[in-house]
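As structure tokens, the structure follows; a few thoughts come after it.
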Amino acid sequence: MIKNIFSPIFFLLFLIFASSFITNEWVLLQKENYKILFPQAPSIDSTLTDSKIGKLFVYNYMYESPENTLDSNLVYGLSVTDYPEKYFSSTGQAFLKGFFDGMVNGAVKNISGKLLSEKEIIFKTYPGREIRIDYGEGAAIVNMKFILVQNKIFALQTISLTGKENNCNASKFYSSFDIQ
């Protein structure tokens, strides 16, 4: 009788213990010419927006970490914006500087944040910017990378509590991004 009572409890405890060692398999998001890993399947949203330069197609992929997770990142995101091809017919240094300055200033302004750092980057042969933004007066850090590929801008981001922004999951997310 005692053996029958403890068997289900033992089995349940074993499952809980064993599941703590199961690694979280990341989800590959792969589209026509790019791919990236997310900790879980991201939500997907696309919009067509009218702008001063024409119609912009924006694709957003977002994953919010559950509150009870051990993940140091609150949010993982990738936005891909298709610009009219004619917009980038002139990609001189002054044009690119102005374009990326606008992207950075817009990102900071949209969240009412404070720009902490900014640097120019090259991803493969494509120009870009990497920035860190203080959000909520020290509550969180937004890390972003903007990469311009022909007429597409890729914006990768993670949002982390301040002090936890440099972590292995953020590194895995950013380093998994690739363009074919």
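The residues of the range 63-167 expose on average 55 square angstrom of accessible surface per residue, using a 1.4 Å probe on protein heavy atoms. Counting Lys and Arg as +1 and Asp and Glu as -1, what is the net charge of the other residues whose Cβ lies under 12 Å from the Cβ of R132? Neighbourhood net charge equals 0. For the chain, the share of accessible area belonging to carbon and sulfur comes to 58 percent (1.4 Å probe, ligands and nucleic acids excluded). Calculation over all alpha carbon pairs of the range 19-121 in 10 angstrom steps from 0 returns a P(r) of 11, 32, 37, 15, 4, 1 percent. Think of it as helices only: each DSSP H run of n ≥ 4 in the chain is worth -39500 (n - 2.57), and spread over all residues that comes to -8000 deg cm²/dmol at 222 nm.
Computing mean projected area of the Cα convex hull in nm² for the structure here picks out one of (1) 21.0; (2) 12.5; (3) 13.6, namely (3). Assuming R0 = 35 Å, what is the FRET efficiency of Q150 and N68, from their Cβ-Cβ distance, to the nearest 0.05? For R0 = 35 Å, the calculated efficiency reads 0.25. Among 49-62, 72-85, 26-39, the peptide with the highest mean count of other Cβ atoms within 10 Å heads the list, and the full ranking is 72-85, 26-39, 49-62. Largest GNM mean-square fluctuation among F88, F154, F146, using the chain with Cα springs under 10 Å: F88.
The values are calculated or read from the model by the stated rules, or taken from the named source; none is laboratory data. Nothing here was measured: the structure is a model prediction, and the numbers come from that model. When we count neighbours, we look across all protein chains shown, and the Cβ atoms used for this are built from the backbone with ideal geometry, even at glycine. SASA here: full protein model, heavy atoms, side chains in, ligands and nucleic acids out. Shrake-Rupley method; radii C 1.70, N 1.55, O 1.52, S 1.80 Å.
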